[in-house]
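Have a look at the structure below, then the notes.
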Amino acid sequence: MQSAEDLAEAQTVFDAPIAHDLTRRNITVSGFAIPTKPGERIFINGVLLEVVRIAAPCTLLDDDIGAGAKTALRRRAGTIFRLLGSGTITVGDQITYAAIELEPE
């Protein structure tokens, strides 16, 4: 998952357009602070996702987008999530933070 705002910033650094579908992220969101801490959870249209790690841009981006894309996307490449449920995610779905319940000791 990546943020449209971070992608716009990367385009400024890259000094050229970067198509969201070339960044190797499945979902691009706008107006939502994507969590980055492993274990944090969000819901998108009732589908539960959990943060695995921050995404690190790879050299394939330079091959697919152009030389310097990897550098432009550093610290702007998004977050890797794992699915914890099933459902359908569509354009325009609401995203909410999920409360994490701690297991009793």
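The values are calculated or read from the model by the stated rules, or taken from the named source; none is laboratory data. Computed from a predicted structure; not experimentally measured. Note: ideal-geometry Cβ built from the backbone for every residue, glycine included; neighbour counts use all protein chains shown.
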If a residue has to be surrounded by 12 or more Cβ atoms within 10 Å (Cβ to Cβ), among the acidic types (Asp, Glu) and closer than 23 Å to residue 18 by Cβ to count, how many in the stretch 44-96 make the cut? 2
Single residue of the stretch 72-97 satisfying the filter (within 16 Å of residue 1 (Cβ to Cβ) and either part of a helix (DSSP H, G or I) or among the acidic types (Asp, Glu) (or both)) that is nearest to the chain's Cα centre (by Cα): 73
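Are any of the residues in the stretch 63-71 in a helix (DSSP H, G or I) and out of contact with any Leu (no Cβ under 6 Å at 6 or more places or on another chain)? Explain how you work it out, then say what you get.
Our first condition is that a residue be in a helix (DSSP H, G or I); within the stretch 63-71, this holds for 63-64, 69-71.
Checking which are out of contact with any Leu (no Cβ under 6 Å at 6 or more places or on another chain) leaves us with 63, 71.
The answer is yes, given that some residue of the stretch 63-71 is in a helix (DSSP H, G or I) and out of contact with any Leu (no Cβ under 6 Å at 6 or more places or on another chain).
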Just wondering, is there one or more residues in the stretch 32-53 that are of a type in the set (Lys, Arg), part of a loop (DSSP other than H, G, I, E, B), more than 15 Å from residue 5 (Cα to Cα) and at pLDDT below 90? no
Does any residue of the stretch 3-25 turn out to be within 15 Å of residue 96 (Cα to Cα), among the aliphatic types (A, V, I, L, M) and either under 14 Å from the mean Cα position of the chain (by Cα) or part of a helix (DSSP H, G or I) (or both)? no
Take the residues in the stretch 1-43 that are touching a helix residue (DSSP H, G or I) at 6+ places or on another chain (Cβ under 6 Å) and among the β-branched types (Val, Ile, Thr); name whichever of them is surrounded by the most Cβ atoms within 10 Å (Cβ to Cβ). 18
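Against the condition acidic (Asp, Glu) and touching a strand residue (DSSP E or B) at 6+ places or on another chain (Cβ under 7 Å), how does residue 40 come out, does it pass? Give the steps one after another, and end with the answer.
Working: acidic (Asp, Glu): yes; touching a strand residue (DSSP E or B) at 6+ places or on another chain (Cβ under 7 Å): yes.
Yes.
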